Amino acid sequence: MLDKKGLNVTGLDLREVPGASFDFFVICGASSGPQARAIADEISDKVYLDFREDPLHEEGYGNGEWILLDYGNILAHVFLDSTREHFRIEELWGDAGIKVYADEAL
């Protein structure tokens, strides 16, 4: 995400959250649909190169407002900034442990 200039990259640790279906969310913002698609492509490429895993499910590439990549226990969310602000997904999981990534590699 950071390699493609993802904005406000945030990790949510959901392992201790009752009822959570996933262990982790990794979320970032993008300033445009093409940037969101480039970030999602970079995630897919790096995960495949490092772990030989393709997403189990992906959606949102068409409009690029909210791209979701499902890797089983990890979900990657790439939002346009306006869409991220609207849905405030971090607030929905207020019990999660939160880590904000600056310039460090994920």
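Given the Cα-Cα distance of GLU53 and ILE98 and 0.36 nm per residue of separation, how much length would full extension add, in nm?
13.7 nm
About the Cα centre of the range 9-106, what is the dipole size in debye to 20, counting +1 per Lys and Arg Cβ and -1 per Asp and Glu Cβ, all else neutral?
The calculated dipole for the range 9-106 is roughly 80 debye.
If you stretched the chain out fully between GLU85 and ASP41, how much longer would it get, using 0.36 nm times the residue separation minus the C-alpha to C-alpha distance?
13.6 nm
Which percent of the accessible heavy-atom area of the chain goes to carbon and sulfur, probe 1.4 angstrom?
50 percent
Go ahead and estimate [θ] at 222 nm for the chain from helices alone: -39,500 (n - 2.57) per DSSP H run with n ≥ 4, summed, over the residue count, rounded to 500.
-8500 deg cm²/dmol
Can you check what the net charge comes to around GLY97, using other residues whose Cβ is under 9 Å from the Cβ of GLY97 (Lys, Arg +1; Asp, Glu -1)?
With Lys, Arg at +1 and Asp, Glu at -1, the neighbours total -1.
Counting other C-beta atoms within 10 Å, and keeping those with at most 15, which DSSP coil trypsin sites (Lys or Arg not before Pro) do you find in the range 23-65?
Hits after loop and neighbour filter: ARG52.
Most mobile of PHE87, PHE24, PHE79 per a Gaussian network model of the chain (Cα springs, under 10 Å)?
Looking only at PHE87, PHE24, PHE79, the largest GNM fluctuation is found for PHE87.
Write down the accessible area per residue of the range 31-74 in Å², having rolled a 1.4 Å probe over the full set of protein chains.
61 Å²
Calculate the tail of P(r) for the chain: the fraction of all Cα-Cα distances greater than 19 Å, expressed in %.
Everything past 19 Å amounts to 40 percent.
The values are calculated or read from the model by the stated rules, or taken from the named source; none is laboratory data. If you're wondering where the values come from, they're calculated on a predicted model, not measured in any experiment. Neighbour counts are summed over all protein chains in view; Cβ atoms, including those assigned to glycine, are modelled from backbone coordinates with ideal geometry. Remember, those area values only see protein heavy atoms, side chains included, never the ligands or the DNA or RNA. Shrake-Rupley method; radii C 1.70, N 1.55, O 1.52, S 1.80 Å.
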